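Any read-out appearing in this document is the output of simple, stated calculations on the displayed coordinates, not a laboratory observation. All values reported here derive from a predicted model rather than from experimental measurement. In this analysis, Cβ positions are derived from the backbone assuming ideal geometry, glycine residues included, and neighbour counts consider all displayed protein chains.
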Amino acid sequence: MPVRIAVIPAAGRGTRFLPATKVVPKELLPVFDTPSLQHTVDEAIGAGIEHVILVSNRAKPAIEVFAETATGGARITVVYQDSPRGLGHAVECARELVGEDPFAVLLPDELMGDSSHLRDLIAEHQASGRTAIGLKRVPRDEVSAYGCITPDGNPDSTGRVVVRDVVEKPKMTDAPSDLVIIGRYVFGHDLFDFLASLKPAANGELQLSDAIGDMARLGKVNGVLISCTRHDTGTPMGMLTASIDAALSRADTGSQLRSWLEARLRGR
Ligand code: G1P
């Protein structure tokens, strides 16, 4: 079945970007000259998505303006998460609009260089019928910032691996592997049943990773290693490197920025 719907959770408060986020939602801060969220929408469209569901909160009316003015041709709908009850709850807020169809989830804190990884996840979901999640190998001391998986052996030559379990943000010493979730997922409609029976985590939130862990223990989750470039735009430094990469790769600005950077780094 084709995957035509994407859910993008965008209800966070953006506290790591204060004071900028007092006036502009984090997802609309520019990566070079384009709102970060437009890059995420473009990635989805490039993987065949036709309907984007933004999960926002009512304190961010600029997200609605974005939905009305976004480019690329996808239909964009905004739904609301009225209280910050976790990523699992945010995705659950899109349940009615998603209906019975399979769907992708893209976390806008992660910016991909292109749509190839999402296309790989969609293909994996279609071939296996299982939930497909994007993975990356990271140094052990970074694992505690992510959802971390227990793999069933090593990834194969195409970067695919069966996921046996998931733990959200483990301590380095408790981490089951160095393979972490990078904010790209493709689910069947059954995710909503797992979310509905989820108990809140210790912090009171409904964790998407806990629902994926429940699915994984039943043999319903495959992982795919990412092979395209990725920036963690959840931090100001990640936003900066993403902007530089975006400007370097553009025909109208790439060579000018490269010359300036080279001169700057030589101390001129
Ligand atoms: C979320 C997920 C986590 C995932 C991460 C990727 O965490 O809960 O499993 O590894 O995104 O960026 P957050 O960064 O929103 O705290």
Notebook entry, point to check: Mind checking which of L118, L107, L135 has the largest fluctuation in a GNM of the chain, springs on alpha carbons under 10 Å?
Noted result: L107
Margin query: Treating only the Cβ of Lys, Arg, Asp and Glu as charged (+1, +1, -1, -1), what charge dipole size does region 11-109 show about its Cα centre? Round to the nearest 20 debye.
Written below: 560 debye
Notebook entry, point to check: region 13-34 to region 208-238: how many Å between their Cα centroids?
Noted result: 23 Å
Checklist line | Cα-based convex hull volume of region 41-160 per residue, rounded to whole Å³ | finding: 144 Å³
Checklist line | Volume of the Cα convex hull of the chain, divided per residue and given in Å³ | finding: 148 Å³
Margin query: Placing +1 on the Cβ of each Lys and Arg and -1 on the Cβ of each Asp and Glu in the chain, which of A196, H89, P139 has its Cα farthest towards the positive end of the resulting dipole?
Written below: P139
Note to self: If the only charges are +1 at each Lys and Arg Cβ and -1 at each Asp and Glu Cβ, what is the size of the charge dipole of region 225-268 around the Cα centre, to the nearest 20 debye?
What the structure shows: 200 debye
Notebook entry, point to check: Taking only the alpha carbons of region 1-41, what extent do you get along each of the three principal axes, in Å, biggest first?
Noted result: 44, 22, 13
Next item on the list: Taking the chain as the reference, fit the longest principal axis to its C-alpha atoms, fit the long axis of helix 254-265 to the helix C-alpha atoms, and give the angle between the two in degrees, 0 to 90, nearest 10.
Entry: 80 degrees
Item checked: Assigned charges on the beta-carbon of Lys, Arg, Asp, Glu; region 83-241 dipole about Cα centre (debye) -> 240 debye
Check: When the Kirkwood hydrodynamic radius is evaluated over all pairs of different C-alpha atoms of region 1-99, what value in angstrom, to one decimal, is obtained?
Finding: 13.8 Å
Check: Considering the dipole of the chain built from charges on the beta carbon (Lys and Arg +1, Asp and Glu -1) around the Cα centre, which of M237, V7, V105 is farthest to its positive end?
Finding: M237
